[in-house]
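FYI, it's all coordinate maths here, none of it is from the lab. Just so we're clear, the structure is a prediction, and the values are computed from it rather than from any experiment. Quick reminder, even Gly has a Cβ in these numbers, built from the backbone with ideal geometry, and neighbours come from all protein chains shown.
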Amino acid sequence: MAKKDRSPKLDRRRFLTAAAVAGATGAVGSGKAGAANAGTTEAPARLPSALPPNAHVAAAEAGVPDIPPYASEGRPGSDFMVDVIKTLNIKYLPANPASSYRAIHESLINYGKNSMPEFLTCTHEECGVGIAHGYAKITNKPLMTLCHGTVGLMHATMNVYNAFCDRMPVIVLAGNDLDAAHRPPGVPTVHSAQDINAIVRDYTKWDDTPVSAQHFAQSFVRAYQIATTPPYAPVVLSLDDGLATEPVRDFGQKLYIPKFVPTAPPAGEAGAVREAARLLVNAERPVIVADRAVNTQRGMNFLVQLAELLQAPMVRERGRLNFPTTHYLGRPASVIAQADVVLGLELTDYWATVNKFVDNNAEGVGTITSTIKPGIKLISIGTLQLMTKANYQEFQRFQSVDVPIAGDVEATLPALIEAVKYALTDDRKNAIAQRGEAIRKDHEKGRDATRQAAAIAWDASPISTARLCAEIYAQIKDLDWSLVPSSGDVAGWPLRLWPMDKPYHWTGTSGGYGVGWGCPASVGGALANRDEGRFSVAIQSDGDLMYAPGALWTAARHKIPLLSVMHNNRGYHQEVMHVQRLSNFRNRVANLGNDLGPVGTSIMNPDIEYHKLAQSMGWWAKGPITDPAELGPAIKEAVAVVKSGQPALVNVWTQPR
Amino acid sequence: MQFVRVHLLLAAVATSFVAPGTALAASAENGKTAYVKNGCWQCHGYEGQGSVTTSAGRVIAGTPLPADAFTAYVRQPTGAMPPFSAAILPDADLADIYAYLEARPKPKASKDIPLLSGQ
């Protein structure tokens, strides 16, 4: 028997407007992503941990929208699903087409008019997830992707894992046909599973298996909410083919679409924050270390404010940019050795921050040494404890910390800044100011040393990684540029040479270090930047490109401008070194075969002509560039192509790292 | 500092690996071949320029260490570098490698490179 609907009425148009407003402000969260594009330099005000809803949201919360009578019209379930999806303002859907989700595919492009989301054709599920991950790193907003049954979700797994390790949101829908009595025999049955989400459950934040239209609506909005509440992470819903294909049924209850309201991010407990401030203010040599800490300009501004208040050296790990490369308080990790207090912000590996592991013996046990002074106080702020999974070991070794604070860094920083201000006495202010002057001098010396290091092997062929990066920057420096998520390990030269002061200038590594992420992630980053009119450049490694080169085609097909400059060292260089290492430990001459690296590690004989690969998929491309004198002109030419709206690739033979 | 101290300690040991006169006969040209064949380039770059990710940023072009200390370190390294025994890398080849590194051209001053001086 149908329950009587006693809730206040709110017409659908008004509901969707309210939801859109909520989505616009909140997809990014009151404390975090909401200020992603604010770019303000104003001193932050104190913020409560939970913000009240605005008028639109409050009005929408009071009602349940009217939904068209799907059942009486015999409309397919997938049309209703598209209505649900559209309330979340998801802009793109990068996916490889598949029969297991044909119903929603048809609804998306016909009923949904291929808009919000727009379908982007991908050549592999790993590309779809990688593009979504790269997009999220620039925007802090999730895209959704669709995967084909068992095999498609299996294809997607590695990049789902990368997004999980990197704490970035992606919404994955996995096509499936659960009803064994009705699904077609043969291939569709092979591609179905009793619990398809199990494939990725160990490295997603949440999953569900909707069995009714209303269940789908609730679960999709819930999935979006969970994915976009710090710590961000991928989520997965199985998409039942029967549910999507058959006419929607409401089981006597009026269908509704739950309204999405962004969740205020978790902030650190006030007492612990005050204790952290007390330790930092009274320290003689405090050091701040930030990893996956800052996603927005607002957060970066907070971090600068905190570091300047304390005149504390700031060590940048590789999760995010976190802190401007131009700021004098940015210092190398070696300063940790002199610290009496370390504040770790969303560290992926606190243990490795205060310990050193050297892989230097034949048994692989290595040597471990502490890199900190006795009596040091360690503070952490982060969300590691808020999302734990047991199986995959991305949580790293355990490190005891004196003041561990569970909370989102950006949401906690305003309170920490206020607590530091409150704890600062005039005596401490004077001491802190003197400390700052010494750090400023060290910073200048460091900059000079870095530039001189870049000059070594300047004219070498293959081209040095320092020269590669200097040549790229020379061609883009006058543009609003973004070094998009990509894979090339070029010894950190962009971070050492390029002035970076915006989160989108560099967004950090893949998270899980799974090879095959770089190319699709760079396309996803460029997609996000295209909508902002921003110039995108990637440093693309050779080994990574060959895992998922199809993302190049997606970029050309959907007119995503991107300059991809290859760091082509013609090998799986990490493995080159590993096999050499083991050979030496075992006192054997490494067998090189006919290559430069040990057998099985080189990508040569024949050399891959990546420029021709890119050309075959619609890119402008040039290479291989081996003479450093030819590099600048080649990049200049490519920049002009990208500015015209096309992707361009320059294949450069480089030194190993 | 620790790096230097270790080399001083090992310098005496090193003399036993390099026969007197070996350095005089060393060939930078042969050294380039040995440098590549033995995988030195993997972590130190083809020009000995080093890398912060593979050699802690240490530059061996121009060989800042004396030959004895250099040899000692290659035979019994103290950091992340794997050891190269004489069975893998004969003394004569090592001497050639040293000569190759010594022969690397000195880099220009960064202030004289326009792309670096402006950054």
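Below is a table of values for the structure above.
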read-out: Cα-based Rg and Dmax for the protein assembly as shown, where Dmax is the largest Cα-Cα distance (Å); value: 28.3, 101
read-out: Shielding of B:33-45 by partner chains, average beta-carbon count, 10 Å; value: 5
read-out: Lone cysteines, chain A (no partner Cβ under 4.7 Å); value: A:C147, A:C165, A:C469, A:C519
read-out: Residue-wise HN-Hα coupling along region A:86-100, computed from phi with Karplus coefficients 6.51, -1.76, 1.60 (Hz; x: Gly, Pro); value: 5, 5, 9, 6, 7, 7, 9, 9, x, 7, 9, x, 7, 5, 5
read-out: Over 22 Å between alpha carbons, listed pairs A:K622/A:K643; A:K113/A:K559; A:K141/A:K259; A:K356/B:K106; value: A:K356/B:K106
read-out: Globularity ratio of region A:102-206, using Cα Rg and 2.2 N^0.38 Å; value: 1.11
read-out: Listed peptides A:186-195, A:318-327 by packing density, highest first (mean Cβ within 10 Å); value: A:318-327, A:186-195
read-out: Order by protection proxy (mean Cβ within 10 Å, highest first), peptides A:617-630, A:351-364, A:291-304; value: A:291-304, A:617-630, A:351-364
read-out: For region A:75-263, diffusion coefficient by Stokes-Einstein and Kirkwood Rh (Cα), 37 °C, 0.692 mPa s, µm²/s; value: 205
read-out: Mean projection area, nm², convex hull over Cα of region A:374-431; value: 5.9
read-out: Taking N as its residue count, the alpha carbon Rg of region A:270-448 over 2.2 N^0.38 Å; value: 1.03
read-out: Relative contact order for chain A, counting Cα pairs under 8 Å that sit 6 or more residues apart, in percent; value: 14
read-out: Computed helical MRE - 222 nm, chain A, DSSP H runs ≥ 4 contributing -39500 (n - 2.57), nearest 500; value: -11500 deg cm²/dmol
read-out: For A:570-577, mean number of other protein chain Cβ atoms within 10 Å; value: 2
read-out: Neighbour cut-off at most 14 other Cβ (10 Å), DSSP loop, chymotrypsin sites (Phe, Trp or Tyr not before Pro), region A:146-252; value: A:F251
read-out: Low-density loop positions, trypsin sites (Lys or Arg not before Pro), region A:384-484 - DSSP coil, at most 16 other Cβ in 10 Å; value: A:K389, A:R397, A:K477
read-out: Hits among lysines - C-alpha to C-alpha of B:K108 under 26 Å, sequence gap 8 or more where chains match; value: A:K441, A:K445, A:K477, A:K636, B:K32
read-out: For residues of B:102-111, the mean tally of beta carbons on other chains within 10 Å; value: 4
read-out: Region A:331-408 - charge dipole about Cα centre, Lys and Arg +1 at Cβ, Asp and Glu -1, debye rounded to 20; value: 160
